[in-house]
Each structure stands twice: as structure tokens, then as C-alpha cells.
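Take a look at this one; I'll ask things after.
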Amino acid sequence: MKHLFRILFLLALWPACAVAQGEEGEDADTPAAQQEQAAPAEAAPAGKSKADVKTQKKADKKVVAKKPDPRGPSLLIDAKTGEVLAQDRAGEPFYPASLTKLMTSYIVFQRLRDGRLKPEQQLTVSELAHSQEPSKIGVPVGKTVSVDFALQALLVYSANDMAYVLAEGAAGSVELFADEMNAAAKRLGLTASHFMNPNGLFDPRHVTSARDMAVLAAVLVAEFPEYQKYFVQQYLEVGKKRLPNRNILIRTMPDADGMKTGFVCASGFNLVASATRNGRRLIAVVMGMKNSASRAAAAKAMLEQGFAMPPAPRTRVADIINLPQGAIVPVDMTSTVCRSKPPFSVQDGTVLAGWAASFGTYDAPDKAQMALRGRVLSPAGLAVRGRTGVIQLTDKAGYAPVIWGLDQTQSISLCAAYKVDGAHCEILPATFLEQMAMVAKARKAAQAAQTAIEQGSDGAQATSPARVSVQRNHGH
């Protein structure tokens, strides 16, 4: 009897034990669970169950809006009519990065059409071309590639070395090719654009606008239909490798048919994308995105939006007014997309040479860099070649924004032009830069020697890795 009573007693307790075990099995370590456990239970209002109260509480919680991703200018146009379907700051200056290669291809396409270049023509890879930063194909110096292969590498894989190969093959030098790029930009009415090189690697004088890139893309579509194959090519064959087109819309959006990606830290991720649906071709330009996925998504969304828009009277892209060159300095996206890289750097003093024009002295490199970017976008700064940078003056006397690598006549003329505009400009002679280079080289040599001593086992000059390995092997 006692045994039966005990069984009945345990059966009566079993449901309560099961519920307690289930509650302990929930993730009580999460903040939400801790808050629910800490808060006393509230009585449900009359006519409402506890479940209704919980549902209402969730609905009443404040929704925190996601901070929008930073982005630069954008523009959506009809490729044939030039109608503007959407735009945001399309006339502001921005760094084009590899969107530059659209202009490079425009010049090369002209050469192909008039017979000055042939698709099968072999071009030699120079030391300068080979030295370009990635992305690149890496063909050795002295080897040759065909114009056709170089164009594929340029427009499919965005190869910086092939941009220089094409420029040198088409015009004889990068400088002369850049002159042709700027002449073409002027002829096409690209008033915000100035090109310093054929691949778009960063130079503060190398600028454009979303408006200009859209116009250039539309011109390429209209004038060179026979070369559109380069923009839709999904892969570049290099030996046994298949290098994918950097424009991922070519593989993920059935209607996509071009055109070019671009990226440097200062610009963020840029894209000129085109798509054709029911015989209508649209061109989207997005700039300053945080990664390649976001630029593709933004461009695709714009294109889809454009295809869904009904016909209506609209502004033409030619009516968008570019801001005057130098009116504002383009936004620098480095701190957003390249967080490990400082947005402003000091010029390596060991390479300084020639005459220079200096635009004052500043107590910090970032201030000097901003002054430099403002100065070089003036007509005088855009008209001169040379190299730009911020140099640290000797004896820690501050930082100077300079255009260097000039000859004496260029530096004198440049400063004279700035002074006419009321801007400060100081001529730095070649002897001054030579002295700075000597000091920088001596400092670098001393640092290298100190590093070698620190790596040595007994404070003496460090032994080469191979020698150390031999000594250790014999030490056993």
C-alpha cells in the first residue's frame, strides 16, 4: 500500500518536474533571457492573455534603423536617349580608379578603327608597365602580348600593367597617352575629368564625375558596337587559368552587358554597369561603395528600378552641371574601405629629385595633404606633370605639400601661376631636394643597421639566415 501511494505521489509531481527541466534548457545566458528572468511578471490587463501582452510588448519596442552604408555619387541614364532616370550628386568630383580604363579603351578603339593598331599586333612590356601595382597579369619585361589580349586583360580583369602596355603602344609614352585622354575628355564635354595615367591608380589630380563616366560609357556603346564583346566577356584565359570578370553582374544578372569596375582606397568601390531589356539599354554609375558586393547590388537595384519606370519627359545627362574643377576636394573613402591604411601618408624622401613647388608648411601631414589636394586641382596644378606628395622637412620643421620632379622652368612657371591667383607658392631648388634625399637615405640606412643589430644573437652584426641555419645544424 505504501509502495502504491509513493508511485501515485511521484506521478502527481512529474508534470511540474518536466516543465522546470524545459525552462532550464532555454538559453538563459542571452541578454534577452537574463532580462526576462530578472523582471517580475506583470499581471495581464483585463481581457488580455499573457501571450497578447508579450506580443504587444514586442510591437512597442523601438526599432533602431540601420545606419546606411556610405556611398558616393550615382547616376542612371538611358544609353540611347541620355535621359536621366535617377541621380545623386552626379556632378561632384570623385576619384575614378579603374573606371579610367573606359577612356583608355576609347582611345585604343579609335586606333583599331583607323588602322594604327591591329588586334594581333604585338606590344612589348616595358619596365614601367611591369612595375605597376596589382591587379596585373605580370608578363615579364621584354615579352610581348597582342593588342587583343591586352584589351581583354584591361576590361575583364582590370590589369594595370596592360593599361600601360596599351598606352605606350598607342602613343609612345604614358604622358602622351594621358594628353590624348584629356583631349578626348574635352572633346566629349567631360568637364569634371582629368587623367594622369591610363589605369586609374591614385593621383589627387586624377578625377572625374558620375556624369562624365555615364557620358563616356554611352559614347562607347554608340560608337564602338563591334568592341562590346570585351565588356560582356566572363573570363580571361591566361595559360591554364581562367580569371573572372571583376564585374560580378555579368555572371549574376541575365540582362547585364557591361561595363567596368574600379577600386582604390581613396575612391572606394566604383562600378559602371549596363543592362539591356526589351531592346532598351540603361547605364548605372555607382561610386564610393564599401565593397564589391554592395556596388553590384546598388547598380543592379538602380537598373531594375529604371526598367520599371514608365516613359516620361526627363532631364538629359548633358544638362547635369559638373562642379568646376577645384571647387571641392573629392571625398576620400580610405578610412571606410581600407581601415588599416592611414588616409594620408608622407612621401618617401629617398626618391625626391628635381625641382619642386611647395604650398606652405603645416604642423601635421593630414593638413598638408588636404592643402595639396586643393591646390593641385587648380588649372595650374592640372597643367603640370611632376609628382605630388607631402614631405617632412628636416629637423622636424613641419610638413610641406609639394609638386616635385619638375625642372627649373616648370617650377618657376608653376609658382608664378599660383601667385597670380593669390595662392602661396615657394620654389624648392633641386639642391634642396637632393639634400633631403641624402638625409632620408642616411636615416633609412641607420634604421636598417639598428634592426640588423637587434636581430643578432650577441649584439653583433646579424648573420644571414642561411649562415644561422648552418651554425644551428652544427651546434647539435
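The values are calculated or read from the model by the stated rules, or taken from the named source; none is laboratory data. Just so it is clear, the structure is predicted and the values come from calculations on it, not from any experiment. Here the Cβ positions follow ideal geometry from the backbone for every residue, glycine too, while neighbour counts run over all protein chains shown.
Please state which one of L75, L123, L85, L117 is within 21 Å of V272 (Cβ to Cβ) and more than 18 Å from the chain's Cα centre (by Cα). Explain how you work it out, then say what you get.
Values: L75 fails: more than 18 Å from the chain's Cα centre (by Cα); L123 fails: within 21 Å of V272 (Cβ to Cβ); L117 fails: within 21 Å of V272 (Cβ to Cβ).
That would be L85, the only listed residue that is within 21 Å of V272 (Cβ to Cβ) and more than 18 Å from the chain's Cα centre (by Cα).
Let me ask something additional. Looking only at the stretch 180-222, filter to residues that are in contact (Cβ under 8 Å) with a residue 24 or more places away in the chain and of a type in the set (D, E, K, R); which one of those is farthest from N270 (Cα to Cα)?
E180
While we're on this one: May I ask you to say which residue of Q410, Q447, Q435 is modelled with pLDDT of 95 or more, assigned to a helix (DSSP H, G or I) and not aromatic (F, W, Y)?
Details: Q447 fails: modelled with pLDDT of 95 or more; Q435 fails: modelled with pLDDT of 95 or more.
Only one candidate qualifies: Q410.
Separate question: Quick check, is L117 on the phi < 0 side of the Ramachandran plot, at pLDDT 95 or above and part of a loop (DSSP other than H, G, I, E, B)? Spell out the reasoning first.
Numbers: on the phi < 0 side of the Ramachandran plot: yes; at pLDDT 95 or above: yes; part of a loop (DSSP other than H, G, I, E, B): yes.
So L117 passes the test.
Has the stretch 78-98 got at least one residue that is of a type in the set (G, A, S), part of a helix (DSSP H, G or I) and at pLDDT below 95?
Taking the stretch 78-98 and keeping what is of a type in the set (G, A, S), we get 79, 82, 86, 90-91, 97-98.
Now narrow it down to the ones that are part of a helix (DSSP H, G or I): 97-98.
After this cut, where a residue has to be at pLDDT below 95 as well, the list is none.
No, the stretch 78-98 has no match at all.
Could you count how many residues in the stretch 302-327 are surrounded by fewer than 14 Cβ atoms within 10 Å (Cβ to Cβ) and assigned to a helix (DSSP H, G or I)? Give the derivation first.
First, pick out the residues of the stretch 302-327 that are surrounded by fewer than 14 Cβ atoms within 10 Å (Cβ to Cβ): 308, 310-313, 315-316, 318-319, 321, 324, 327.
Those still in the list that are assigned to a helix (DSSP H, G or I) too: 308, 318-319.
Result for the stretch 302-327: 3.
Taking the stretch 250-270 as the region of interest, how many residues are part of a strand (DSSP E or B) and touching a residue at least 60 places away in the same chain (Cβ under 8 Å)?
From the stretch 250-270, those part of a strand (DSSP E or B) are 256-264, 268-270; that's our starting set.
Filter again for touching a residue at least 60 places away in the same chain (Cβ under 8 Å), leaving 259-264, 268-270.
The qualifying residues number 9.
Still on this structure: Just one of N197, N247, N182 is farther than 26 Å from A298 by Cα, in a loop (DSSP other than H, G, I, E, B) and not small (G, A, S); which is it?
Working: N247 fails: farther than 26 Å from A298 by Cα; N182 fails: in a loop (DSSP other than H, G, I, E, B).
None of the others qualify; the one that does is N197.
Among the residues of the stretch 459-471, are any surrounded by 11 or more Cβ atoms within 10 Å (Cβ to Cβ) and at pLDDT 50 or above?
Scanning the stretch 459-471 turns up no residue that is surrounded by 11 or more Cβ atoms within 10 Å (Cβ to Cβ) and at pLDDT 50 or above.
Going by the conditions given, is A273 in a strand (DSSP E or B), small (G, A, S) and crowded, with 24+ Cβ neighbours inside 10 Å? Give the derivation first.
On the way: in a strand (DSSP E or B): yes; small (G, A, S): yes; crowded, with 24+ Cβ neighbours inside 10 Å: yes.
Yes, satisfied.
For the stretch 124-154, enumerate the residues that are in a helix (DSSP H, G or I), touching a Gly at 6+ places or on another chain (Cβ under 9 Å) and crowded, with 20+ Cβ neighbours inside 10 Å.
V147, A150
Being in contact with a Lys or Arg (Cβ under 8 Å, 6 or more places away or on another chain) and part of a helix (DSSP H, G or I) is the filter here; which residues of the stretch 276-293 pass it?
Within the stretch 276-293, just S292 meets the criteria.
Just the residues that are in a helix (DSSP H, G or I) and in contact with a strand residue (DSSP E or B) (Cβ under 6 Å, 6 or more places away or on another chain), please, taken from the stretch 357-391.
Quick first cut of the stretch 357-391, residues in a helix (DSSP H, G or I) only: 365-376, 379-383.
P365, A368, Q369, A371, L372, V376, L382, listed by residue number.
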